[in-house]
Structures are given as structure tokens and as C-alpha cells.
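Asks: I have a structure I would like to understand better, so I am pasting it below and will then ask my questions one at a time.
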Amino acid sequence: MGRELALITTIFKKDLVSEFRAKESVVTMVTFSVLILVLFSMAFEPSRRTVEEILPGLIWMSLIFSGILGLNRTYARERFNDCLIGILSTPIAPYQIYLGKAASNLVQLLFVEIITFPLYFIFYDLNLKGSLGILIIIMLIGSVGFILVGTFLAALTSNLRANEALLPVILFPLLMPVLLAAIEATSAVFTGLSLDQYLPWIKLILVYDLIFLVMPLLLFDYLMEVD
């Protein structure tokens, strides 16, 4: 178990160090999220009640779209000089590559969230009526679900010619359950509803996370053989 964890950590560190040296994906993701926020705030002047209704959806959609920019870069470095074949020839198993890359993508997305999320409260002068701790948990488990399925599908489309355009097309239908649940749960926290009223949404996100953790682990070996 210790050796497997070390190999996963190796892939995780490799991707994360490469990204924060080049700053290709993170800077693009942050810039895109902030641009959506600024453009929306300039285009509309909604009332406070309207803000509470639409802001959760805006937050999650901006994170999803910016996250897709990062997912498209997940296997970009390995496409050059058949680097992925070289990695697969080492003792690292395909599922360890998947988990390492998923962990790296999650850290990058959380970094974007830490920077951009407070800006929504500043721009819209929004007062959180629910628990900040529960909101953080919802953001975390929703992000995990998005990254798990996104990292797997990014591998599926990585060798295709139009992979950057194809990834969102196949990702969004699979992402709808966790996206809708995350938006509903986030909206409930913003408006101060009791935990019992949105706990089913949190459970749905957790079930989604579990499903899309197990399925890629079972299928990723086959996917790497096909590639």
C-alpha cells in the first residue's frame, strides 16, 4: 500500500511541479473565472434576491468551464515523444497515473476556487446566511466529482484530433447530476435553509463521487491499452 501511494504521489508531484513552473493552466483558469465574474457584474445589476438565486449557478458554471481548460492540458505533455508509453513501461500502473493526475487537477481547481470564490462576495456584497463550513464541504465534494470524471474523459479524448472540442461534449451529459446537485446545495446554503432540506443533494454528490472513483479505476487499464 505504501509503495502504491508513493507511485501515485510521484505522478501527482510531477504534474503539479510542471504546471506551477509553466503556469499554463492555472493562470488561464483563474483569468477565465475572473473574466466571467467581471463581465456578468458589468452586464447586469440584479437585485439581492436575484443574486441569491442565480449566483450559485454562475459560480459552478464558471468553475466547470475554467476547469475544462485545465483538463484539456492533463495529458498534453505526455503526447510529445511518446512520453506516456515511457511512463507505462515503468512499474507505475495505469490506475496510479489516473489517481495522480486527478489529484493534481483537483489541487489546481481548488487553487482557482480559493482565489476567485471570495471575489463573488465582494462584487455582489453577498452575505452568507448558512454555514461556511458546509459550503466549503459542498464545493470540495462537487469539485472532486467533476475532476474524477473529467480526468478520465480527458484520457479518453487525449489522442483525438479535436480533443479540446470533444471533451466538453461528452463531459457535460455525465456531469449534469453532480452539477445540478451542487448548485441546489450551494443555493440552499446561501439562502440559509436547514441541513435537512439539502442533505439529499449532498448525499447524491457523494454517491456520484464514489461511482466515478470506482468506474475509472476499473476501466483505466483498458483505456491505456487502447491508447
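Asks: Show me the three semi-axes of the equivalent ellipsoid for the stretch 1-41, from the C-alpha gyration tensor (sqrt of 5 times each eigenvalue), largest first, rounded to whole Å.
Replies: On the way: eigenvalues 220, 27, 3 Å².
Ellipsoid half-lengths, sorted descending, are 33, 12, 4 Å.
Asks: Quick check on the stretch 2-224: what are the equivalent-ellipsoid semi-axes from the Cα gyration tensor, as sqrt(5λ), descending, whole Å? Write down the numbers at each step before the final one.
Replies: Numbers: eigenvalues 209, 74, 44 Å².
After diagonalising the Cα gyration tensor, the semi-axes are 32, 19, 15 Å.
Asks: Here's another thing I want to ask about it. Using the crude model of +1 on Lys and Arg Cβ and -1 on Asp and Glu Cβ, and no other charge, please compute the dipole size for the chain relative to its Cα centre, in debye to 20.
Replies: Details: 14 positive and 18 negative charges, 69 e Å.
Approximately 320 debye in magnitude.
Asks: In the Gaussian network model of the chain, springs joining C-alpha atoms below 10 Å, which of 66, 194, 25 carries the largest mean-square fluctuation?
Replies: The residue with the greatest mean-square fluctuation here is 194.
Asks: Given R₀ = 41 Å, FRET efficiency for residue 93-residue 42 by Cβ-Cβ distance, to 0.05? Write out the running numbers ahead of the final one.
Replies: On the way: r = 49 Å, r/R0 = 1.19.
E between residue 93 and residue 42, to the nearest 0.05, is 0.25.
Asks: Assuming R0 = 41 Å, can you tell me the calculated FRET efficiency for the pair residue 136 and residue 76, based on Cβ-Cβ distance, to the nearest 0.05?
Replies: Details: r = 30 Å, r/R0 = 0.74.
That gives a FRET efficiency of 0.85.
Asks: Enumerate the lysines that residue 101 could reach by cross-link, defined here as Cα to Cα under 23 Å, with residues fewer than 8 away along the same chain left out.
Replies: 13, 14, 23
Asks: Taking only the Cα atoms of the stretch 99-172, how large is their convex hull per residue, in Å³? Provide the component values of the computation, followed by the final result.
Replies: Values: hull volume 8.3 nm³, N = 74.
About 113 Å³ per residue, rounded to a whole number.
Asks: Sticking with this one: First compute the accessible area of the stretch 97-227 with a 1.4 Å probe, then give the percent of it belonging to carbon and sulfur atoms.
Replies: Details: 4470 of 6180 Å².
Taking all protein chains in place, the stretch 97-227 shows 72 percent carbon and sulfur surface.
Asks: Now for a different question. Put 92, 136, 211 in order of accessible area, largest first, 1.4 Å probe: what do you get?
Replies: The ranking, largest first, comes out as 136, 211, 92.
Asks: First measure r as the distance between the Cβ atoms of residue 65 and residue 4, then evaluate 1/(1 + (r/R0)^6) with R0 = 30 Å and state the FRET efficiency to the nearest 0.05.
Replies: Values: r = 34 Å, r/R0 = 1.12.
Working from the Cβ atoms, E equals 0.35.
The values are calculated or read from the model by the stated rules, or taken from the named source; none is laboratory data. This structure is a prediction, so every number in the text was calculated from the model and none was measured. Note that each Cβ is placed from the backbone with ideal geometry, even for glycine, and that neighbours are counted across all protein chains shown. The protein model used for the area step is the full one, side chains on, heavy atoms only, and it has no ligands, DNA or RNA in it. Shrake-Rupley method; radii C 1.70, N 1.55, O 1.52, S 1.80 Å.
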